[in-house]
Amino acid sequence: MEKGDLKVLIVEDDQTLGKGLVEAFKKAGFGALLASKPDEALALTQMQVFNAYVIDCLLPKISGLDLIKKLREQIGAGTAVILTSGIYKDKNFVKDALAQTGAIAFFEKPFNLPALIESVEKSLKDLIDDPVEPFQEILYKTSSTPGEKTKAISKTKSLHGFDVMRAISYLMGPSISGTLTLKDRADGNESSISFSEGKIVKAIVKDPLSFFGALLVEKNFISAEELEMALATPNPKKVGERLVDANVISPHVIFIVQAEQMAIRLSLLIKDTSYEISWKDELIPPGDSSIDHALFYSFCSAWITSKLNLQWLKVFYLPLMENKILRNPGFNETHLITRLAPLSNMQGFSNRAVSGVNLQQLVSDHPQEEERILSAIHLMVVTAQISFDKTTKVVDIVSQIARFKRIRHDLENKNFFDILGVSTKSKANEIKRAYHELAKVFHPDKLSATTPEELRSLTRDIFSKMTVAYETLSNETSRANYLKELEQGRAETILQSEALFEEAKAFIKASQATKALEKIRAAMAIRRPTSDLILHYLWARLMTLSAHQDQQRELLDIEAGLGKIPPEDRHSAIYYFVKGLFQKYLGDFDMAKRNLQHALSLMPNFIEAQRELNVMKSSEKNKPVDIFKDDLSSVVSSLFKKKK
C-alpha cells in the first residue's frame, strides 16, 4: 500500500510534543493521529486500523505498559509498538518493558526524532509498496510507445528466463533497432538477440546442435534420403548451399529454414534461470532471414505450453488477480493467437477476458482449468492484447477465500524458490523484489478491519510461508545450506524417477503398455517429466487407446501432450515416431508414414518404427482399389494383377 495509507497512533499526554510528533510523521508521508489519554487510544483502535503505535510509558490513570497489554487484545502481537519515556531510563526497566509488551524499540526523551521515524519506517517496510519497475509498469498500460519499451528494458538489470519472451515481444516494435544481451547466471553463457524493423534478425545462442537438416525434412522441402546424400559427400560448404548447388532446393528455402532455426535457438533461452540483461540501441540492418510476429507468436504458444510451469504462472499473476483486465487498442477476437494453443481450444475466452472481469473471476468460474486460463492470459499479455487496470480492483470475498485455500494447499509441497517464483540463480535483490510483490497481496496488515476471520487466517498462513522462504533465501549462508539440501533431494528423486522410467521402457518393448503407464505415472509424480518421459507416456497411451471408451477425448489429451514438448526437443526419432502413431490413429496415413520414415532415418535400428511401417504397407497392399479415387497406377495394377 502507499505510505500515506499507513497510520501511526501517537499516545502522548504532552499535547505540544504529541502534536509535534503527528506533524513530523505526516511530513514523513504517514497518516498520524494523536490520543492524549489511554481510553482515547482504545476507542480509536476499535474504530480504525493503525499500523504502528508510539506510546509514552507514563500516562494518566494507567501506564503505557498496561495500555499496550490491553491494545494487544485488539491489534495482535504483530503490530509495531515503540515506547518512549522521559522518566524511566533504567536499563533493567527498559529491558523488562520491551519483553513485557513486545515493543520493537525504546526511545528516551528527548529523543532523536529522525531515528524514531526511521524505526517506524523500518518496521513497516514490508507494507510500503515499492515503486513499480518500468518493465512491470508496462503490464498496466494499454499502449506504450517504442521509446517507453526500450527505456523500460534498459532500466531492467535482471530477468527470469520465463519472462524473456515478454521482453522480446516488447522489442519487436516497428521503429526499434538494437541488440538485447543476456548472460545466464547458471553457466555464464552470453546470448544476444538483434532487432530491426519489427523483426528478430539475429539470435546468437550457444547451441551444440543444428536443426537445419531436420527442419528441411520436417517442412517437406527435401526427403530424408536427399538429406543423407547431401551429408554423405565431404564438402566444405554448408548443407543448404550444397542442396542449392544440386538443384534440390531453391535459395529462398534457406532463409525460411534459418528463421525456424533461429526461433529454436531462442527457445533454449526460455528456461528456469536468471539472466543479467542489457539493451543497446544501434542500427541493425534487415536480414535475409528474420522472425516476424506470426512466427514469433507461434513459438510463444509453444513455449507457454511446453516450458512455463504452473507455479511460476501462479506467482507471476498473484499481484494481478484482482485487477480488472483491460482491452488494448490492438485487441482483436480474430487475432492470429486465437488459433494457437491454448486459446484455440477455448472458444470465446478472449472476449470473456476483456468483458470487465479480473483473473480471480475467470479462475473462480473454472478452478480446475487454472493452468489453461493462466496460460491463455499469458499469451494475450505477451502479444500485447490485454493489460491490467492499476487502480480498479474487484474483490469477491467468497472467491478469494476459495482461491487462498488452494494457494495454501499448493504451498505445502513447494520449495522456497517456487514459493517466491524465483530461480535458484536469482540474486538477493531479485528475491527481495519478488517477496515485496507478494507482500502487497498477502501481508496481514493490508487487510481491512471488516475482513472475515477465515480470510485473515488464510492470509497469515500464506504470508508466514512466504516470509520463511524469503528469510531463508535472502541470507547467503542459509540459502547455500538450503540449496545443498534441495540438490541432494533432487539427486535422489532423479535416480528414483530414472529407475522407474527404465522399467517402463522395458514394459513398452514387451508390449505391456498398462504396466508401463503405471511406472511412468509414478516417475512423473515425483519429478517434473522430461520430454523423453512425456513421449514414452504418450506412446504407452496410444498402445492402450483401443481400451478407452472415449477414444476421441483420449486423442485430444495425447495431442495436448505432444504440444508440451519444447520446440528444440521435437527433432528426435521418438518424437516423430509418436507423432506418426498419433496420425495413424487419426486416419492421416500419409503423414503418419512420413513421420515414421523420418523417425527411422534418425534411428535406423528403430525396430518399432519399422514394424509400424511394415504393418501400414501390408494394409495398403490388401486395401481394395477405388477406381474413382485412387491414382492411375494403382487402378491399372489392380486391373491387370494376376489371380492366384
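Identify all residues within segment 120-160 that are polar (S, T, N, Q) and assigned to a strand (DSSP E or B); write none if there are none. Write out each step before concluding.
Looking only at segment 120-160, we keep the residues that are polar (S, T, N, Q), and these are 123, 136, 142-145, 150, 154, 156, 158.
Matches in segment 120-160: Ser158 only.
Could you grab me the full set of residues in segment 2-27 that are under 23 Å from Glu437 (Cα atoms) and surrounded by fewer than 21 Cβ atoms within 10 Å (Cβ to Cβ)?
Matches in segment 2-27: Glu2, Lys3, Gly4, Asp5, Lys7.
Of the residues Tyr140, Tyr170, only one is under 15 Å from Ser387 (Cα atoms) and assigned by TED's automatic domain parsing to the domain that holds Glu197; which? If you could, list the steps in order and put the result at the bottom.
Values: Tyr140 fails: assigned by TED's automatic domain parsing to the domain that holds Glu197.
Just one listed residue meets the conditions, Tyr170.
Could you look through segment 46-55, keep only residues that are crowded, with 20+ Cβ neighbours inside 10 Å and of a type outside the set (A, V, I, L, M), and pick out the one that is modelled with the highest pLDDT? Step through it out loud before you land on a result.
Taking segment 46-55 first, the residues crowded, with 20+ Cβ neighbours inside 10 Å are 50-55.
Retained after the next criterion (residues that are of a type outside the set (A, V, I, L, M)): 50-51, 53.
Values: Phe50: 90, Asn51: 89, Tyr53: 96.
Checked segment 46-55; the qualifying residue modelled with the highest pLDDT is Tyr53.
Name the single residue that is surrounded by the fewest Cβ atoms within 10 Å (Cβ to Cβ) among those in segment 172-214 being hydrophobic (A, V, I, L, M, F, W, C) and part of a loop (DSSP other than H, G, I, E, B). First the steps, then the outcome.
If we filter segment 172-214 for residues that are hydrophobic (A, V, I, L, M, F, W, C), which is where we start, we get 172, 176, 180, 182, 186, 193, 195, 200-201, 203-205, 209, 211-212, 214.
Filter once more, keeping what is part of a loop (DSSP other than H, G, I, E, B): 172, 176, 186, 205, 209, 211.
Numbers: Met172: 21, Ile176: 20, Ala186: 14, Val205: 17, Leu209: 12, Phe211: 19.
Checking each candidate, the answer is Leu209.
Count, please, the residues in segment 288-330 that happen to be in contact with a strand residue (DSSP E or B) (Cβ under 9 Å, 6 or more places away or on another chain), β-branched (Val, Ile, Thr) and over 22 Å from Asp389 (Cα atoms).
So the count comes out to 1.
Of the residues Ile254, Ile264, Ile270, only one is part of a helix (DSSP H, G or I), closer than 30 Å to Ile431 by Cα, in contact with a helix residue (DSSP H, G or I) (Cβ under 6 Å, 6 or more places away or on another chain) and in contact (Cβ under 8 Å) with a residue 12 or more places away in the chain; which?
On the way: Ile254 fails: closer than 30 Å to Ile431 by Cα; Ile270 fails: part of a helix (DSSP H, G or I).
On inspection, the qualifying residue turns out to be Ile264.
For residues that are more than 27 Å from Leu308 (Cα to Cα) and not in a helix (DSSP H, G or I), tally how many sit in segment 561-604.
4
Let me confirm something: among Leu34, Leu42, Leu58, Leu6, which residue is at pLDDT 90 or above and closer than 18 Å to Val120 by Cα?
On the way: Leu42 fails: closer than 18 Å to Val120 by Cα; Leu58 fails: closer than 18 Å to Val120 by Cα; Leu6 fails: at pLDDT 90 or above.
Just a single option satisfies the conditions, and that option is Leu34.
Does segment 451-471 hold any residues that are surrounded by 15 or more Cβ atoms within 10 Å (Cβ to Cβ), β-branched (Val, Ile, Thr) and in a helix (DSSP H, G or I), and which are they?
Across segment 451-471, the qualifying residues are Thr459, Ile462, Thr467.
Is it true that some residue in segment 306-325 is free of Cβ contacts under 8 Å to residues at least 60 places away in the same chain, more than 25 Å from Ile264 (Cα to Cα) and over 18 Å from the mean Cα position of the chain (by Cα)?
no
Within segment 441-489, can you find the residues that are touching a Leu at 6+ places or on another chain (Cβ under 8 Å) and of a type in the set (Asp, Glu)?
Selection gives Asp445 alone.
Looking at segment 574-591 only, could you name the residues that are of a type in the set (A, V, I, L, M, F, W, C) and modelled with pLDDT of 95 or more?
Result: Ile574, Phe577, Val578, Leu581, Phe582.
Can you name the condition, by its number, that Thr84 falls short on among (1) hydroxyl-bearing (Ser, Thr, Tyr); (2) over 20 Å from Lys427 (Cα atoms); (3) under 40 Å from the mean Cα position of the chain (by Cα)?
Looking at each condition in turn, Thr84 falls short on (3).
In this structure, does Asp389 turn out to be touching a Lys or Arg at 6+ places or on another chain (Cβ under 6 Å), within 23 Å of Val441 (Cα to Cα) and not hydrophobic (A, V, I, L, M, F, W, C)?
Details: touching a Lys or Arg at 6+ places or on another chain (Cβ under 6 Å): yes; within 23 Å of Val441 (Cα to Cα): yes; not hydrophobic (A, V, I, L, M, F, W, C): yes.
Answer is yes for this residue.
Report the residue count in segment 343-371 for those that are in a loop (DSSP other than H, G, I, E, B) and either surrounded by 15 or more Cβ atoms within 10 Å (Cβ to Cβ) or modelled with pLDDT of 95 or more (or both). Walk me through how you get there before you give the answer.
Quick first cut of segment 343-371, residues in a loop (DSSP other than H, G, I, E, B) only: 346-348, 354-357, 366.
Narrowing further to those that are either surrounded by 15 or more Cβ atoms within 10 Å (Cβ to Cβ) or modelled with pLDDT of 95 or more (or both): 346, 354, 357.
Number of matching residues: 3.
Working only within segment 372-406, note down all residues that are surrounded by 19 or more Cβ atoms within 10 Å (Cβ to Cβ) and under 27 Å from Glu453 (Cα atoms).
Those that are surrounded by 19 or more Cβ atoms within 10 Å (Cβ to Cβ) and under 27 Å from Glu453 (Cα atoms): Ser399, Gln400, Arg403, Phe404.
Find all pairs meeting these conditions: Cβ atoms under 9 angstrom apart; at least six residues apart or on different chains; first residue within segment 285-296 and more than 14 Å from Leu266 (Cα to Cα); second residue surrounded by 11 or more Cβ atoms within 10 Å (Cβ to Cβ) and among the acidic types (Asp, Glu).
Qualifying pairs under 9 Å: Pro286/Glu197.
Identify the single condition in (1) without any contact (Cβ under 8 Å) to a residue 60 or more places away in the chain; (2) under 25 Å from Gly188 (Cα atoms) that Leu458 does not satisfy, given that it satisfies every other one.
Going through (1) without any contact (Cβ under 8 Å) to a residue 60 or more places away in the chain; (2) under 25 Å from Gly188 (Cα atoms) one by one, Leu458 breaks only (2).
Exactly one of these conditions fails for Leu65: (1) exposed (fewer than 15 other Cβ atoms within 10 Å of the Cβ); (2) closer than 15 Å to Ala80 by Cα. Give me its number.
Single failed check for Leu65: (1).
Looking at Glu369, Glu430, which one is free of Cβ contacts under 8 Å to residues at least 40 places away in the same chain, of a type in the set (Asp, Glu) and at negative phi? Working first, answer last.
Working: Glu430 fails: free of Cβ contacts under 8 Å to residues at least 40 places away in the same chain.
Checking each option against the conditions leaves just Glu369.
Out of curiosity, is Ser290 hydroxyl-bearing (Ser, Thr, Tyr), assigned by TED's automatic domain parsing to the domain that holds Ser158 and closer than 24 Å to Ile574 by Cα? Break it down into steps so the answer makes sense when it comes.
Working: hydroxyl-bearing (Ser, Thr, Tyr): yes; assigned by TED's automatic domain parsing to the domain that holds Ser158: yes; closer than 24 Å to Ile574 by Cα: no.
For Ser290, the condition - hydroxyl-bearing (Ser, Thr, Tyr), assigned by TED's automatic domain parsing to the domain that holds Ser158 and closer than 24 Å to Ile574 by Cα - is not met.
Name every residue in segment 318-330 that is crowded, with 21+ Cβ neighbours inside 10 Å and assigned to a helix (DSSP H, G or I), in order of residue number.
Leu320
Please work out which one of (1) more than 27 Å from Arg265 (Cα to Cα); (2) in a helix (DSSP H, G or I); (3) modelled with pLDDT of 90 or more is the condition Ile534 fails and give its number.
(1)
Can you find, within segment 122-151, the residue that is modelled with the lowest pLDDT among those that are of a type outside the set (S, T, N, Q) and closer than 16 Å to Ser278 by Cα?
In the first step, residues of segment 122-151 are kept if they are of a type outside the set (S, T, N, Q); the result is 122, 124-135, 137-141, 146-149, 151.
This time we only want the ones that are closer than 16 Å to Ser278 by Cα, so: 133-135, 147-149, 151.
Working: Glu133: 83, Pro134: 89, Phe135: 93, Gly147: 94, Glu148: 94, Lys149: 95, Lys151: 95.
So the residue we want is Glu133.
Going by the conditions given, is Arg403 at pLDDT 90 or above and of a type outside the set (Gly, Ala, Ser)? Lay out the reasoning, then the answer.
Working: at pLDDT 90 or above: yes; of a type outside the set (Gly, Ala, Ser): yes.
Yes: the conditions hold for Arg403.
The values are calculated or read from the model by the stated rules, or taken from the named source; none is laboratory data. Bear in mind the structure is a predicted one, so any value in this text is a computation, not a measurement. When we count neighbours, we look across all protein chains shown, and the Cβ atoms used for this are built from the backbone with ideal geometry, even at glycine.
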